[in-house]
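Down below is the structure, laid out as structure tokens.
The values are calculated or read from the model by the stated rules, or taken from the named source; none is laboratory data. Remember, predicted model here, so these are calculated numbers, not experimental data. Cβ placement follows ideal geometry from the backbone for every residue including glycine, while neighbour counts extend to all protein chains displayed.
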Amino acid sequence: MATVYNLRFPLMLVAALGCGLVAGVFFAFSTFVMPALARLQSPQGIAAMQSINITAINPLFMTAIFGTAVACIFLAISSLSKWHQPGAAYLLFGSLLYLVGAVLVTGVFNVPLNYELAIAQPDSPEGATLWARYLTDWTLWNHVRTIAAIAAAALFTISLYDRVGK
């Protein structure tokens, strides 16, 4: 367990930075990418989002999302074994917020909507109906992901302060 303890600070830093980075991506989508796409006619909006969804699956973005999740898993486990130490609750709740509010929400809500959009015919009436629903539903769940990732980053930052700031 000594090795895990020695890795705790770097994992906390990675988690704080990773959550902040991912929150920034989600924030950008919530505040201007999705509103910009909503201004397009449905065929153009669908085609643009289909392209975004394809290009989002790349090593850098996947490492940011899932590398942060791995750090959160280790920190959650570590926080349970070191519950008596300052900042343990921040680590646990930050980890759970990110894992549930960002990663799980992505897999349960945003990704299935992306799959549905991937097979949509942009010029069809069904595509237009799907696009209207997609804009509302996907963006709502993206707001949840944004808030969860920002809150997790804040909790990890507080935990870092508890560890080194006193």
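Summary table
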read-out	value
ASP123, sole failed condition from (1) closer than 30 Å to LEU40 by Cβ; (2) part of a helix (DSSP H, G or I); (3) charged (D, E, K, R)	(2)
Flag for PRO10 being closer than 18 Å to LEU160 by Cβ, more than 16 Å from the chain's Cα centre (by Cα) and either part of a helix (DSSP H, G or I) or among the basic types (Lys, Arg) (or both)	yes
Pairs with Cβ under 6 Å, 6+ apart, first in the stretch 36-47 and under 16 Å from ASP123 (Cβ atoms), second in a helix (DSSP H, G or I) and small (Gly, Ala, Ser)	SER42/ALA128; ILE46/GLY127
All helices (runs of 4 or more DSSP H) inside the stretch 34-92 with 3 or more residues being more than 18 Å from the chain's Cα centre (by Cα)	34-38, 42-56, 68-81
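Residues are listed down the side, and each one gets a yes or a no for (1) surrounded by fewer than 19 Cβ atoms within 10 Å (Cβ to Cβ); (2) closer than 14 Å to LEU13 by Cα:
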| position | (1), (2) |
| --- | --- |
| ILE46 | no, no |
| ILE54 | yes, no |
| PHE61 | yes, no |
| ALA64 | yes, yes |
| THR68 | no, yes |
| SER78 | no, no |
| LYS82 | yes, no |
| PRO86 | yes, no |
| GLY94 | no, yes |
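Residue by residue, here is whether (1) of a type outside the set (A, V, I, L, M, F, W, C); (2) touching a Pro at 6+ places or on another chain (Cβ under 6 Å); (3) modelled with pLDDT of 95 or more holds:
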| residue | (1), (2), (3) |
| --- | --- |
| LYS82 | yes, no, no |
| PRO112 | yes, no, yes |
| LEU117 | no, no, yes |
| GLY127 | yes, no, yes |
| TRP138 | no, no, yes |
| HIS143 | yes, no, yes |
